[in-house]
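The values are calculated or read from the model by the stated rules, or taken from the named source; none is laboratory data. Treat the numbers as computed from the prediction; the structure is a model and nothing was measured. Heads up, the Cβs are rebuilt from the backbone with ideal geometry, glycines too, and the neighbour counts pull from every protein chain shown.
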Amino acid sequence: MRAGEKARIEHVLAKLVLGTFGRMRRETAYRAGEIVAAVGYRLARRQRDVAFHNLRMAFPELSELDRQRIVREVFSNLGRLLAEFSQFPKLTAENICDVVEYEGLHNYLEGRGRGRGVLFLTAHIGAWELSSFAHCLYGYPMKFLTRPLDNPLIEELITNRRTLSGNQAISKHGASREVLKALRNNETVGILVDQNTIREEAVFADFFGIPAATTPALATLALRTGAAVVPGYIHWDRERKRHVLGFEPPVELRDTGYRQEDILVNTALFNRILEDRVRRFPGEWLWIHKRWKTRPEGAPPLY
């Protein structure tokens, strides 16, 4: 099959799934997402194995039953994310409060009040696509960095959904100028910093006690611009069946003037903040990703 034909088929299937879920009531979409998650858990053996391997490294003290529970929650979270993503066209400024509520909004407002822009320290936790979408509908539009997908048709489909609320996507490639301009205008930019990075673009900072190739972009931008770094995540409240979008106080950065050392120290701090969040809600993080794939020079592979 040619690459172009494969891309078109994937695009048609993605539109079909989103369209089918989107026509459902939210509660029905949740249930359908749970079914997809259960099937995915059984069929996605490679991703499931990666998740178990990651959990053995990060939580060696847990039993296999506990790890299995967490991995099932990971897939359940992805099913819920699919359901929410399909419902984006139905969300408005009037009804978003029925789906997402704030916790610690004053922390975000404090950061914005400094007047030098806000950088969200965030990760693939909970329904992460919903967090920025909801924040914009509440009246706080933002920009977010994205890594373009290999399939341009699906990339266009997803970007159109992500920006329905008024947010703007910034491609990772050549993003510096746009991000700096946004921060000068006291705008907000979201950066996901929990993914493995190639060695040429990374610094190594511990994550669960293991050196993790991490983008230095967040620390570099914050030190260069003076923007407030505000940790922000979305969490699923199972009992109330609502999402909670929470913000923590702006991070106090180390800024001694020794730029490279400050970047390393602050990136390590960011990873510790993210690790604390993942430890609190392990079933909401994307354990199926090979977070420690890139290794320090000379270190043996972990996968």
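Could you look through the stretch 103-139, keep only residues that are assigned to a loop (DSSP other than H, G, I, E, B) and farther than 20 Å from Ala222 by Cα, and pick out the one that is nearest to the chain's Cα centre (by Cα)?
So, considering only residues that are assigned to a loop (DSSP other than H, G, I, E, B) and farther than 20 Å from Ala222 by Cα, the one nearest to the chain's Cα centre (by Cα) is His124.
Out of contact with any Leu (no Cβ under 8 Å at 6 or more places or on another chain), acidic (Asp, Glu) and modelled with pLDDT of 95 or more: is that true of Asp206 in this structure?
yes
For every residue, the table says whether it meets (1) surrounded by 20 or more Cβ atoms within 10 Å (Cβ to Cβ); (2) among the aromatic types (Phe, Trp, Tyr); (3) closer than 26 Å to Arg67 by Cα.
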{"position": "Thr214", "(1), (2), (3)": "yes, no, yes"}
{"position": "Pro249", "(1), (2), (3)": "no, no, no"}
{"position": "Gly257", "(1), (2), (3)": "no, no, no"}
{"position": "Phe270", "(1), (2), (3)": "yes, yes, yes"}
{"position": "Thr294", "(1), (2), (3)": "yes, no, yes"}
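Going through the stretch 239-292 one residue at a time, which ones are within 25 Å of Glu110 (Cβ to Cβ) and of a type in the set (Asp, Glu)?
Glu248, Glu252, Asp255, Asp262, Glu275, Asp276
Please tell me if Glu156 is at pLDDT 90 or above, of a type in the set (Asp, Glu), outside any loop (DSSP other than H, G, I, E, B) and within 23 Å of His11 (Cα to Cα).
Spelling it out, Glu156 is indeed at pLDDT 90 or above, of a type in the set (Asp, Glu), outside any loop (DSSP other than H, G, I, E, B) and within 23 Å of His11 (Cα to Cα).
Quick check on my filter: what residues within the stretch 257-285 are of a type in the set (A, V, I, L, M) and within 23 Å of Leu223 (Cβ to Cβ)?
Ile263, Leu264, Val265, Ala268, Leu269, Ile273, Leu274
Kindly evaluate Arg177 against the criterion of being exposed (fewer than 15 other Cβ atoms within 10 Å of the Cβ) and in contact (Cβ under 8 Å) with a residue 60 or more places away in the chain.
no
Criterion first (surrounded by 16 or more Cβ atoms within 10 Å (Cβ to Cβ), in contact with a strand residue (DSSP E or B) (Cβ under 8 Å, 6 or more places away or on another chain) and modelled with pLDDT under 95) does Ala227 satisfy it?
In short, no.
Leu16 - would you say it is part of a helix (DSSP H, G or I) and at pLDDT below 95?
So Leu16 fits the description; yes.
Return yes or no: is Val193 under 30 Å from Glu297 (Cα atoms), in contact with a Phe, Trp or Tyr (Cβ under 7 Å, 6 or more places away or on another chain) and β-branched (Val, Ile, Thr)?
In short, yes.
Checking the structure you have, find out if any residue of the stretch 227-245 is assigned to a strand (DSSP E or B) and basic (Lys, Arg).
yes
Consider the stretch 101-148. How many of its residues are of a type in the set (Lys, Arg), surrounded by fewer than 17 Cβ atoms within 10 Å (Cβ to Cβ) and modelled with pLDDT of 95 or more?
Within the stretch 101-148, residues that are of a type in the set (Lys, Arg), surrounded by fewer than 17 Cβ atoms within 10 Å (Cβ to Cβ) and modelled with pLDDT of 95 or more number 2.
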